[in-house]
1. Can you give the helix-only mean residue ellipticity at 222 nm for the chain, where every DSSP H stretch with n ≥ 4 adds -39500 (n - 2.57) and the sum goes over all residues, rounded to the nearest 500 deg cm²/dmol?
2. For residue 289 and residue 189 in the same chain, what is the full-extension length gain: residue separation times 0.36 nm, less their Cα-Cα distance, in nm?
3. Show me the ranking of peptides 112-123, 188-199 by mean Cβ neighbours inside 10 Å, starting with the highest.
4. Indicate, rounded to the nearest 5 percent, the antiparallel portion of the DSSP beta bridges found entirely in segment 141-242.
5. When the Kirkwood radius is taken over all Cα pairs of segment 46-127, what Stokes-Einstein diffusion coefficient follows at 4 °C and 1.567 mPa s, in µm²/s?
6. When the Kirkwood hydrodynamic radius is evaluated over all pairs of different C-alpha atoms of segment 141-242, what value in angstrom, to one decimal, is obtained?
7. Using all alpha carbons of the chain, what is the percent of pairwise distances in each 20 Å bin, ordered from the shortest bin to the longest?
8. Please report, in whole Å, how far the alpha carbons of segment 129-177 spread along each principal axis, starting with the longest.
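Values quoted throughout were computed directly from the atomic coordinates according to the rules given, and no laboratory measurement underlies them. The model shown is predicted, which means the values in this text are computed figures rather than measured ones. Because the Cβ atoms are built from the backbone with ideal geometry, glycine has one as well, and the counts that use them run over all protein chains shown.
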């Protein structure tokens, strides 16, 4: 039989147990889900976790107040809000998650993010681990040089003992080194370090995706210019023939998500298509407006002119939902010189 003295003791034990359960639940929630997330379910729930880069001006950069800005961030926000509108639910609360290149597939597979837009090039190896929507942007390998440097107007100018900077282990720099034996390759630990070296004339050029280079050029108005990169001669690269004048390293940026959610991929593709469309009465599409805002009018005008040139092998607008390039066979290397 319980006495009046035992009741308070039992009540205190129950309260303590309840508090412990609450703390444990909070800790488990902070660790993230171990199951991949369904973007559509997260949007309906009112909260999404979006992955992007935090250190790439113009594409994805975290601000001092914790917000994230850039073209990738703008695409992400447009996509989730468009899907919410289509589902008839409120625009979800957005939490940002930094997603370094080496961790992107793991973060998606572990359910730590709903989707990732982070200069995320669609390729065959990655498509075996995650599903891609898009592409939402086509870009190419390029060069960033000082605006007052008139000695660098094409890729072959690097062969005159110029110092080329890129990030350690970058395939971009190795591609150039394989074509131009006279270039001096300088490897740094980050693109921002390369940019500082370029500003101080310690190196002559920086190479990586043009979108990343444009972001830095827009960050330092008047200091830099972009130089297009094409193969100076026929070359055999990874058992595929690259013709003279062909762009280096065509990259198609996609939005990575967990596999087995085809409706989510379809919804994101529809959102990207809507972003590319010019609304009635508007001067430009939301896609074009954001691209110009973050990468600069001058760069975008140059890219449009390049794509519109006769016999150009460059393009700017993506073909949303078309991933046939992943399995398209390359040109055999017979005849390369």
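1. Rounded to the nearest 500, it is -11000 deg cm²/dmol.
2. Extra length from residue 289 to residue 189 when fully extended: 32.8 nm.
3. Numbers: 112-123: 24.0, 188-199: 17.5.
With the highest mean Cβ count within 10 Å placed first, the list reads 112-123, 188-199.
4. Here the antiparallel bridges make up roughly 65 percent for segment 141-242.
5. It comes out at roughly 99 µm²/s.
6. 13.5
7. 27, 51, 15, 5, 1
8. Extents along the principal axes: 43, 22, 15 Å.
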